């Protein structure tokens with residue numbers, strides 16, 4: 001295929017995409033105004049609760065406020081006692097699971113995943129060749145992860161075993177066997 005044919009096909013696709021977008025924009029202003037009008041018509045539950053609690057003091061209202069405060073404090077206290085602490089970050093190792101990103105323009109690269117409670121673990125590029133790596137010692141299992149390249153989420157790792165889409169974003173999946181190797 002000649003490059004001018006490809007250019008024509010790209011232009012045609014862009015014209016079709018722009019026409020489809022224009023159809024969705026028709027009547028947008030009216031829909032937004034209608035939605036805002038509906039939103040202003042009914043106060044939210046939080047405002048109603050504050051109005052009830054700030055009304056002239058009476059015993060049932062004070063009892064309700066006290067019960068709500070007690071329940072909130074009890075829930076926070078039990079949550080801290082019963083929820084397990086996040087797992088420690090996996091240690092960097094000589095042998096283990098390799099995570100790598102090739103990006104010549106990147107300034108900062110990290111891997112995040114369920115193995116680190118989604119906290120970033122920095123990758124390094126000591127020789128400046130654009131290949132960012134980290135080797136993590138992970139126990140055998142299934143791990144979801146993604147990369148953060150200069151703060152941008154990169155969920156599809158070419159070295160991944162498979163991908164999963166959650167909350168509109170992709171994450172990579174890696175199966176680790178035999179004590180940390182990929």
If the Cβ limit is 8 Å and pairs must be 6+ apart or interchain, which residue in the range 103-127 that is without any contact (Cβ under 8 Å) to a residue 12 or more places away in the chain pairs with which residue that is buried (at least 18 other Cβ atoms within 10 Å of the Cβ) and assigned to a strand (DSSP E or B)? 118/112; 124/132; 124/134
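Only one residue in 89, 72, 28, 59 is surrounded by 10 or more Cβ atoms within 10 Å (Cβ to Cβ) and either out of contact with any helix residue (DSSP H, G or I) (no Cβ under 8 Å at 6 or more places or on another chain) or at pLDDT 75 or above (or both), so which one is that? It would help to see each step written out before you state the result.
Values: 89 fails: either out of contact with any helix residue (DSSP H, G or I) (no Cβ under 8 Å at 6 or more places or on another chain) or at pLDDT 75 or above (or both); 28 fails: surrounded by 10 or more Cβ atoms within 10 Å (Cβ to Cβ); 59 fails: surrounded by 10 or more Cβ atoms within 10 Å (Cβ to Cβ).
After applying the criteria, what remains is 72.
Does residue 119 satisfy the condition of being in the same structural domain as residue 149 (by TED's automatic domain parsing), closer than 27 Å to residue 156 by Cβ, exposed (fewer than 10 other Cβ atoms within 10 Å of the Cβ) and at pLDDT 85 or above?
No.
The values are calculated or read from the model by the stated rules, or taken from the named source; none is laboratory data. Since the model is a prediction, treat every value here as computed from it, not as a measurement. Positions of Cβ are generated from backbone atoms using ideal geometry, with glycine treated the same way; all protein chains shown enter the neighbour counts.
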